[in-house]
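Note sheet for the following structure.
Taken together, the values in this text are just the output of simple stated rules run on the coordinates, not laboratory data. Note that the structure is a prediction, hence the values are computed from the model and not measured. Reconstructed Cβ throughout: ideal geometry from the backbone, glycine too, with neighbour counts over all protein chains shown.
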Amino acid sequence: EADIYQTPRYLVIGTGKKITLECSQTMGHDKMYWYQQDPGMELHLIHYSYGVNSTEKGDLSSESTVSRIRTEHFPLTLESARPSHTSQYLCASSPPGRADTQYFGPGTRLTVL
Amino acid sequence: DAKTTQPPSMDCAEGRAANLPCNHSTISGNEYVYWYRQIHSQGPQYIIHGLKNNETNEMASLIITEDRKSSTLILPHATLRDTAVYYCIVRVGTTGTASKLTFGTGTRLQVTL
């Protein structure tokens, strides 16, 4: 069982608010990822990290930002939420040497009104 | 990455073995077969992966044909909680770099009483 956590699980917020989605893992994994997924649709990689102080943008352009100050923590921030940001955000991590074996958190379902 | 083909849906009675097939006829020698599943409204879950030998873990067994052109994921005693979309992915094993997962349409497994 993977130990990767996301909070909050559900968030409903008004346009223009700043939000931070939390993701943490206790497995000591070096690589972490943020995906965005709409219901019934494919996963889109929006950010990833090779390790502390390393962050990269994924394939899908996103107005969010991430940071990786500690190995176990990979928060995602939206400075000014808009209705187009409504989606499910999934955090994942993978152990050293096994980038294709990714363990996912439960997700945060974000609704921006 | 090699293309995979899976049936769109399958049914299985609870307690029975669920055998989910995947065709990957263009697989190359250094590509692994990975299986993930996604239960409705949850993040994807890693199940198992293999290169050419059959693999078994606490969740499932993976049977890969000798020519590696197809594989079968076996859930030995399916339960209602195994109802999910199952994805077969063929990837060159990535080690040091971060890796974006791309799922196809998968097989929707419905476990019934």
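A compact table of results
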read-out: Cβ-isolated cysteines (cut-off 4.7 Å), the protein assembly as shown; value: B:CYS12
read-out: Chain B, relative contact order [Cα under 8 Å, separation at least 6], %; value: 37 percent
read-out: Reachable lysines from A:LYS57, criterion Cα separation under 22 angstrom, eight or more residues apart if same chain; value: A:LYS18, A:LYS31, B:LYS100
read-out: Per-residue average of Cβ from other chains inside 10 Å of A:92-104; value: 6
read-out: Inter-chain Cβ neighbour average for residues B:74-83, partner chain, 10 Å; value: 0
read-out: Contact order normalised by residue count of chain A, Cα under 8 Å, 6+ apart, percent; value: 36 percent
read-out: Residue (of A:TYR50, A:PRO106, A:SER87) at the positive-pole extreme of chain A, dipole from beta-carbon charges; value: A:SER87
read-out: Spacing of the two label points (7 Å from each Cα toward its C-beta) at B:MET10 and A:MET27, in nm; value: 2.4 nm
read-out: Cα-centre dipole for the stretch B:25-109 with unit charges at Cβ (Lys and Arg positive, Asp and Glu negative), debye to 20; value: 240 debye
read-out: Unit charges on C-beta of K, R, D, E only; dipole of the protein assembly as shown, Debye; value: 340 debye
read-out: Cleavage-rule hits (GluC sites (Glu not before Pro)) in the stretch B:1-106: DSSP loop, at most 15 neighbouring Cβ within 10 angstrom; value: B:GLU14, B:GLU58, B:GLU66
read-out: Radius 10 Å from Cβ of A:VAL112, net charge of other residues (Lys, Arg +1; Asp, Glu -1); value: +2
read-out: Extension reserve of the A:SER80-A:THR15 stretch, reckoned as 0.36 nm per residue once the Cα distance is removed; value: 22.7 nm
